[in-house]
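Visitor: Here you go, one structure.
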Ligand code: ASP
């Protein structure tokens, strides 16, 4: 049993995050170092919140903001391109204590889409907003806007052109056959008060059809949190995660079938996602601080820490 699959003493916090799953070619430790460093920095951002008594909700948002700001990941700055060579960003966040949730789909000008999603959650009037009206509403509430060019990087543009050269009409995961490797980002956390939360943010899939919305902003598919079970953030082929309701599937297996977190998370991937032809993974946490991070792709960028234990990060099965 991995050490992160044991219960933590009450009152301790824990945090796990991902930077995407997919077909990831093994490369040198030197080439992977910046990705580990970026994952660890995001972990530190979330840990700072939790260590000072902040909530799981605040912590997952802080970690995801750090990942959105990093160009190595497919969220915020460095997001992948649509087939029209634009960016359309999705993000969702959920509080396991209250089941409050907020999400944005297809936004193009919010610097940190997860902060817009948090505003939707806080406002409480609706759960999922999309398009220009959502952006205006967020901006009026103080969420920072940018020119869409802010999200673009030369690597992502090259990645789009390579994907279109292979198959003009196919959308691909950020990592699949990509010149750079990182993907959708997400975080789950347990705070010292015993509550859990989840957040997920993405640019979607390279060469996606404009207007396409993936699993990331959908409660129960790409993000889910419920204190009675677990908090989950997913990454992978979004349509399959939507059809398999994968994030909620983990929770349901715990609560209805009585499975421990690790089994529930593993079965959600092997029994609900894989039979649909889906590929990807997830990070999940329960109220005892157990962490599960299963995937059926070649690898998944991930990092985790539990209070009193050292922080870890991994791409394949070899955590450092
Ligand atoms: N799940 C995301 C989507 O389908 C993509 C990813 O995880 O990289 O939009």
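Visitor: Inspect all residues belonging to region 200-207 and state whether any of them is touching a helix residue (DSSP H, G or I) at 6+ places or on another chain (Cβ under 6 Å), modelled with pLDDT of 95 or more and over 21 Å from residue 79 (Cα atoms).
Guide: Keep residues of region 200-207 that are touching a helix residue (DSSP H, G or I) at 6+ places or on another chain (Cβ under 6 Å), which gives 201, 206-207.
Going one step further and asking which of them are modelled with pLDDT of 95 or more, we end up with 201.
Now drop any that are not over 21 Å from residue 79 (Cα atoms), which leaves none.
No: region 200-207 contains no residue that is touching a helix residue (DSSP H, G or I) at 6+ places or on another chain (Cβ under 6 Å), modelled with pLDDT of 95 or more and over 21 Å from residue 79 (Cα atoms).
Visitor: Do we find that residue 298 is surrounded by 15 or more Cβ atoms within 10 Å (Cβ to Cβ), under 17 Å from residue 22 (Cα atoms) and in contact with a strand residue (DSSP E or B) (Cβ under 8 Å, 6 or more places away or on another chain) in this structure?
Guide: yes
Visitor: Quick check, is residue 240 under 24 Å from residue 97 (Cβ atoms) and either under 17 Å from the mean Cα position of the chain (by Cα) or in contact (Cβ under 8 Å) with a residue 40 or more places away in the chain (or both)? I'd like the intermediate steps shown before the answer.
Guide: Details: under 24 Å from residue 97 (Cβ atoms): no; either under 17 Å from the mean Cα position of the chain (by Cα) or in contact (Cβ under 8 Å) with a residue 40 or more places away in the chain (or both): yes.
Considered against the rule, which asks whether it is under 24 Å from residue 97 (Cβ atoms) and either under 17 Å from the mean Cα position of the chain (by Cα) or in contact (Cβ under 8 Å) with a residue 40 or more places away in the chain (or both), residue 240 comes out as no.
Visitor: Identify, please: which residue in region 186-205 is assigned to a strand (DSSP E or B) and within 9 Å of the ligand (Cβ to nearest atom) and is, among those, farthest from the chain's Cα centre (by Cα)?
Guide: Filtering region 186-205 for residues that are assigned to a strand (DSSP E or B) and within 9 Å of the ligand (Cβ to nearest atom), the one farthest from the chain's Cα centre (by Cα) comes out as 202.
Visitor: Further question on the same structure: Filter region 130-146 down to the residues that are in contact with a helix residue (DSSP H, G or I) (Cβ under 9 Å, 6 or more places away or on another chain) and within 19 Å of residue 213 (Cβ to Cβ), then identify the one that is surrounded by the most Cβ atoms within 10 Å (Cβ to Cβ).
Guide: 138
Visitor: How about region 215-265: which of its residues are part of a loop (DSSP other than H, G, I, E, B) and within 15 Å of the ligand (Cβ to nearest atom)? Talk me through it step by step, then tell me what you get.
Guide: The initial filter retains those residues of region 215-265 that are part of a loop (DSSP other than H, G, I, E, B), namely 215-218, 220-222, 226-229, 237, 244-245, 256-260.
Of everything in region 215-265, those that are part of a loop (DSSP other than H, G, I, E, B) and within 15 Å of the ligand (Cβ to nearest atom) turn out to be 215, 216, 217, 218, 220, 221, 222, 237, 244, 245.
Visitor: Kindly evaluate residue 269 against the criterion of being touching a helix residue (DSSP H, G or I) at 6+ places or on another chain (Cβ under 9 Å), over 13 Å from residue 188 (Cα atoms) and surrounded by 24 or more Cβ atoms within 10 Å (Cβ to Cβ).
Guide: Details: touching a helix residue (DSSP H, G or I) at 6+ places or on another chain (Cβ under 9 Å): yes; over 13 Å from residue 188 (Cα atoms): yes; surrounded by 24 or more Cβ atoms within 10 Å (Cβ to Cβ): yes.
It is true that residue 269 is touching a helix residue (DSSP H, G or I) at 6+ places or on another chain (Cβ under 9 Å), over 13 Å from residue 188 (Cα atoms) and surrounded by 24 or more Cβ atoms within 10 Å (Cβ to Cβ).
Visitor: For region 9-36, how many residues are crowded, with 20+ Cβ neighbours inside 10 Å and either at negative phi or away from the ligand (no atom under 16 Å from the Cβ) (or both)?
Guide: 10
The values are calculated or read from the model by the stated rules, or taken from the named source; none is laboratory data. None of these values were measured; they are calculated from a predicted model. So basically every Cβ, Gly included, is an ideal-geometry build from the backbone, and we count neighbours across all protein chains shown.
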